[in-house]
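Comments concern the structure below.
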Amino acid sequence: MTTTTAAKTPAEPQRIHAIPVRYPGRWISGAVVVVLAAMVANALLTNDTFAWPTVGEYLFSRPVLRGVGWTLFLTVTSMVIAIILAVTLAIMRRSANPVMRYVSWVYIWFFRGTPIYTQLIFWGLASVLYPVITLGVPFGPELLSMDTNVVLNATRAAILGLALNEAAYLAEIVRAGLQSVDRGQFEAARALGMKEGRILWRIVLPQAMRVIVPPTGNETISMLKTTSLVLAVPFSLDLQFATNAIGNRTFQPVPLLMVAAIWYLAITSVLMVGQFYLERYYGRGFDEHVPKRGRRGRQSAINAAKTTPELGAIDDMGRPIGGGV
């Protein structure tokens, strides 16, 4: 008598029905933000006090555009002077000469410790405090004398006041950037026989820019808005003064304040875009959010690797062959 056993067939795997994780908090917070944004937009657009037709009338008027130009001029000129002076102060802080270190520290202490508005008032009163600027031997004969009102007019006083104040803040930013560079970079450069100045400009500063650029961009944006205080000099050609003058003449201060706010926001947005690209440029190799190189950059790296014997053989995809690294 023979018995047969049926072969058991393996059961087919069941399909997994994955259920996505729910995040109700995201939807609730998003809805709250949308409602608040709609309320703000409604408050701005439906309030007749803002007088949006008046805003559109004066947004591109000649006095306002002239004020925008002067504001940009003050910002750029002051920042250029401040950056040059800040690098000098940062180097002085790192100097082995105690006099240089002390002078730099006192400068930063004074200009960071007093309000910018107070400093601008003093620059405006420079001709009252010192009617004549003299050059010569201390407690001795005068070699040259100049009228303060001629040398230090309102424009120069505003630029000088903004630049000297900003240099104190930028000096600490530059000093922090220089300290972020590994000390071994200095020692290796000195071992190669490089001079101190060449080490600073060719080795240290390019690496420190990754730390210096982001806060310097923030200070530039802050400088743009600080130009609204140059009325203390007094300087009466900037954007804030121009819009205030029109608002006082037409008895509509609110819409003219909106004109100034729109222009400040527009210029700040452009500066933020430029800051983004500068940060991405100097953050290459450090920032994980920097986009990877495209085809052209990858091909350049492959060509460079092929011409470097130390790297071994490299295929067309950039992968090492044999003993390549």
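Here, each number is a calculation from the coordinates, and none is a lab measurement. As the structure is a computational prediction, the values presented were derived from the model and not from experiment. All Cβ positions, glycine included, derive from the backbone under ideal geometry; neighbour counts span all protein chains shown.
By the count of neighbouring beta-carbon atoms within 10 Å, fewest first, T71, T49, T220, T155 end up ordered T49, T155, T220, T71. With neighbours defined as other Cβ atoms within 10 Å of a residue's Cβ, the residues V76, V181 order from fewest to most as V76, V181.
For the stretch 188-202, 3J(HN,Hα) computed residue by residue from phi via the Karplus equation (6.51, -1.76, 1.60; θ = phi - 60°) reads 5, 5, 5, 5, 7, x, 7, 7, 4, x, 5, 4, 5, 7, 9 Hz, glycine and proline entered as x. Net charge of the neighbourhood of Q179, taken over other residues with C-beta under 12 Å away and scored Lys/Arg +1, Asp/Glu -1, is +2.
Charged side chains reduced to their Cβ positions (Lys and Arg at +1, Asp and Glu at -1) give the stretch 51-285 a dipole of some 620 debye around its Cα centre. Compared with the alpha-carbon gap, the fully stretched path from F73 to M100 is longer by 6.6 nm at 0.36 nm per residue. As a proxy for reagent exposure, ranking M223, M194 by other Cβ atoms within 10 Å from fewest up yields M194, M223.
Taking the charge dipole of the stretch 51-285 about its Cα centre, with +1 at Lys and Arg Cβ atoms and -1 at Asp and Glu Cβ atoms, the residue from L85, L178, Y102 reaching farthest to the positive side is L178. Ordering V151, A167, P131 by Cα displacement along the dipole of the stretch 51-285 toward the positive end leaves A167 in first place; charges were set at the Cβ atoms of Lys, Arg (+1) and Asp, Glu (-1).
Please say if the stretch 4-156 is rounded, prolate or oblate, where rounded means a/c under 1.5 for a ≥ b ≥ c the square roots of the C-alpha gyration tensor eigenvalues, and otherwise the choice is prolate for a/b larger than b/c and oblate otherwise? Before the final figure, lay out each step's value.
Values: a/c = 4.54, a/b = 1.95, b/c = 2.32.
It is oblate, given that a/c is not under 1.5 and a/b is not larger than b/c.
What order do you get for 32-44, 51-63 when each peptide is scored by the mean count of other beta carbon atoms within 10 Å, highest first? The partial results should precede the final answer.
Working: 32-44: 10.1, 51-63: 14.0.
Going by the mean number of other Cβ atoms within 10 Å, highest first, we get 51-63, 32-44.
Can you classify the stretch 65-108 as rounded, prolate or oblate using the Cα gyration tensor, where a ≥ b ≥ c are the square roots of its eigenvalues, rounded means a/c under 1.5, and otherwise it's prolate if a/b beats b/c and oblate if not? Prolate, because a/c is 1.5 or more and a/b exceeds b/c. Length, then width, then depth: along the principal axes, the Cα atoms of the stretch 151-260 run 70, 33, 16 Å. The modelled label-to-label distance between D182 and R249, using points 7 Å beyond Cα along the C-beta direction, is 6.2 nm.
The order of the peptides 18-26, 113-121 by mean Cβ neighbours within 10 Å, most packed first, is 113-121, 18-26.
Averaging 1/r over every pair of different alpha carbons in the stretch 51-285 and inverting the result gives a Kirkwood radius of 20.2 Å.
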